[in-house]
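The structure appears right after this line, and notes come after that.
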Amino acid sequence: MNKAALLCAFLIAASGAARADIDPIETATRAAEMLENAAIALSEADGARDRVEALTETVRAYEQGLLALREGTRRAALRERTIMLVFEAERDRLARLLGVLQTIEGAPAPLLMLHPAGPIGTARSGMILADVTPAVAAEALALREQLQEVAILRAVQESAVNQLSDALDGVQTARSILSQAIADRRVLPERYSEDQAAMTALLASATSLDGFAANLRETDHAGLTDATAAGFTDARGSLPFPALGVTLRGFNEADAAGVARPGLVLATRPRALVTAPWAASVRYAGPLLDYGNVIILEPDGDYLLVLAGVSDLFVTQGEIVTIGAPLALMGGARVESEELIVPAAQGGGIPRTESLYIELREAGEPVDPTDWFTID
């Protein structure tokens with residue numbers, strides 16, 4: 001049995017002895033299973049019929065498993081801190097009660113029968129002890145369960161360090177193999193014709209992303225067939241985000257400099273995989289002004305989906321991509337496991353340092369992408 005399986009078994013067994021509401025243990029257990037499945041998928045990708053598709057799913061599985069493990073570790077740290085704060089606040093009072101209980105239990109039986117007030121005082125003290133002892137015992141039991149929970153939570157956090165290190169190596173390997181597989185694939189995606197001279201002229205005259213996208217819509221091309229593009233308008237509200245992340249700024253929401261843009265800004269972690277949320281033709285893929293690398297997809301004749309700020313491109317202008325096809329990787333340097341754990345223990349998690357700009361244009365005008373994507 002490997003380390004991940006042992007961790008799962010330990011967490012499942014230990015969760016019965018701890019409180020029933022320990023969500024961090026369940027989250028970490030699920031994450032361990034996800035990461036182990038991703039490692040298995042990576043080992044089997046070489047024999048897959050479509051290596052690119054298999055590796056794309058493997059990278060996304062790694063990213064989701066890492067996200068779950070980081071969240072479980074963060075919750076474990078917060079839960080441990082909450083327990084310790086309560087314990088510190090109650091420790092002196094419980095210590096005094098336990099000291100009284102131990103003194104009573106250690107006193108010889110004949111002395112317990114003697115009381116300055118005589119037999120009546122003895123009877124009353126016996127009644128008080130009968131009421132106090134179960135309450136003190138119940139508090140002592142609760143304290144012991146909390147200390148056991150703290151031990152389990154610390155084990156989760158310690159195990160996560162090694163597991164994150166292995167998973168980060170795995171996802172880095174999967175990304176590298178995916179990049180090579182895309183470069184080596186023999187069956188290339190279907191392509192369509194584009195007027196290269198017109199595209200060169202558009203790039204030369206572009207002064208803004210908005211103007212470039214508007215002019216691009218007016219150029220002639222032979223893209224997706226109606227059968228391939230059918231259903232995009234019906235997919236409103238159900239599209240997956242192109243990358244795992246959180247919304248940093250909404251539609252037309254101003255940034256710190258007061259600049260508002262007609263799209264979403266998604267904060268992602270370094271080297272996050274960017275995939276196609278719908279089958280589309282790639283109208284443009286490459287650098288544009290100060291946006292870095294930009295990908296413009298056409299999922300339907302009336303729509304353009306703009307993705308700006310990516311780093312390593314997997315597609316070129318003229319390709320036709322399917323749902324979930326790899327488009328690019330976000331930029332940024334690889335993050336080490338220690339950088340993931342330390343901020344998580346403080347409740348913050350690793351910073352999402354990369355920004356993916358998402359703009360959806362309908363009939364040449366920007367529309368709110370929030371209405372199209374599934375917000376989780």
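Quick note: the coordinates plus some simple rules give every number you see, no bench work behind them. Keep in mind the model is a prediction, meaning the values are calculated, not measured. Using ideal geometry, Cβ is built from the backbone for each residue, glycine included, and neighbour counts are taken over all protein chains shown.
Which log10 I(q)/I(0) values, to two decimals, does the stretch 161-215 give at q = 0.14, 0.21, 0.24, 0.30 Å⁻¹ under the Debye formula with one point per Cα? Each listed q corresponds, in turn, to -0.72, -0.82, -0.89, -1.08. Taking amide hydrogens as placed 1.01 Å from N in the peptide plane, the amide H of residue 324 sits under 5 Å from those of 276, 278, each at least 5 positions away in sequence or on another chain. Protection proxy ranking for 197-204, 261-268, using the average of other Cβ atoms within 10 Å per residue and placing the highest first: 261-268, 197-204.
Amide H contacts of residue 248 (H built 1.01 Å from N, in plane; Pro and chain starts excluded): 265, 266, 267 sit under 5 Å, all sequence-distant by 5 or more or on other chains. Neighbour counts of other Cβ atoms within 10 Å put 212, 314 in the fewest-to-most order 212, 314. Look at 158, 298 and count the other Cβ atoms within 10 Å of each Cβ; fewest to most, that gives 158, 298.
A simple packing score, the average count of other Cβ atoms within 10 Å per residue, orders the peptides 58-70, 144-156 as 58-70, 144-156, with the highest score first.
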